[in-house]
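See structure below.
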Amino acid sequence: MLDKDIEKILVSAEEIDEIAKRLGKIITEEYKDKFPIVIGLLKGCVPFMGKLITEIDCHIELGFMDVSSYHGGIQSSGDIKIKKDLNIPVKGRHVIITEDIVDTGRTIKVIMDLLKYRGAISVSVVTLLDKPEGRVVVLDPEYIGVTIPKEFVVGYGLDYEEKYRNLPYVGVLKPEVYSTK
Ligand code: IMP
């Protein structure tokens, strides 16, 4: 049913499986003695984080934050709000932030700076998608699933007005979906 709103698939379910396996292996190797906290930024992190952590074969602790940067549309507002903060201390810990997409980089930058200020030993970023053309701050995620063009995408955690997060792939919406609002 949701498929009918999608113009094209950008990253297929099979590709996402491979990405999670590849990044899970690298993270396992690099963090096997560090017991990192893997922090998901809600709600977009849910599908990718769920898959990724099952590919990490060492001890990790999970944490979540709810941060908003968009307010329902397709443009980043640049206004970052922490709606739910982490409930575990990061002081003296290694932290890996898990994102669905890094676009302007503003959201991750604010959270990275906050976690460093709170005393994390290291803060790295793993993201399913990277849109480097959208960047307005200096930020290079350590672990990137796939780099995509500056296009608005939905699926696998990414929403348009809270919808389409449950698509099993990442795709581009048909223009009429926006215009018939
Ligand atoms: P940034 O702060 O601009 O890097 O934006 C990060 C957040 O913006 C992501 O976690 C998404 O929630 C949202 N976002 C950025 N690009 C897209 C997109 O193409 N589709 C849906 N949400 C997006």
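The figures follow:
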quantity	calculated
Members of region 23-71 that are touching a helix residue (DSSP H, G or I) at 6+ places or on another chain (Cβ under 6 Å) and either assigned to a loop (DSSP other than H, G, I, E, B) or surrounded by fewer than 16 Cβ atoms within 10 Å (Cβ to Cβ) (or both)	E55, I56, D57, C58, S69
Any hit, region 102-124, residues being within 9 Å of the ligand (Cβ to nearest atom), under 19 Å from V38 (Cα atoms), part of a loop (DSSP other than H, G, I, E, B) and under 17 Å from the mean Cα position of the chain (by Cα)	yes
Which listed residue is surrounded by 14 or more Cβ atoms within 10 Å (Cβ to Cβ), under 16 Å from the mean Cα position of the chain (by Cα), near the ligand (Cβ under 9 Å from one of its atoms) and modelled with pLDDT under 95, from G134, G157	G134
Test result for K83, more than 15 Å from the chain's Cα centre (by Cα), modelled with pLDDT under 95 and outside any loop (DSSP other than H, G, I, E, B)	yes
Given (1) more than 10 Å from the ligand (Cβ to nearest atom); (2) buried (at least 17 other Cβ atoms within 10 Å of the Cβ); (3) modelled with pLDDT of 95 or more, number of the condition V177 does not satisfy	(3)
Every pair of residues 6+ apart whose Cβ atoms lie under 6 Å, when the first sits in region 103-132 and is more than 16 Å from F64 (Cα to Cα) while the second is of a type in the set (S, T, N, Q) and more than 8 Å from the ligand (Cβ to nearest atom)	D130/T147
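Every residue, every condition in (1) away from the ligand (no atom under 16 Å from the Cβ); (2) under 22 Å from Y169 (Cβ atoms); (3) touching a residue at least 60 places away in the same chain (Cβ under 8 Å), yes or no:
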{"residue": "I27", "(1), (2), (3)": "yes, no, yes"}
{"residue": "D33", "(1), (2), (3)": "yes, no, no"}
{"residue": "P36", "(1), (2), (3)": "yes, no, yes"}
{"residue": "F48", "(1), (2), (3)": "no, yes, yes"}
{"residue": "T54", "(1), (2), (3)": "yes, yes, no"}
{"residue": "E61", "(1), (2), (3)": "yes, no, no"}
{"residue": "D66", "(1), (2), (3)": "no, no, no"}
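The values are calculated or read from the model by the stated rules, or taken from the named source; none is laboratory data. Computed from a predicted model, the values in this text were never measured in an experiment. Cβ atoms come from the backbone with ideal geometry, glycine included; neighbour counts cover every protein chain shown.
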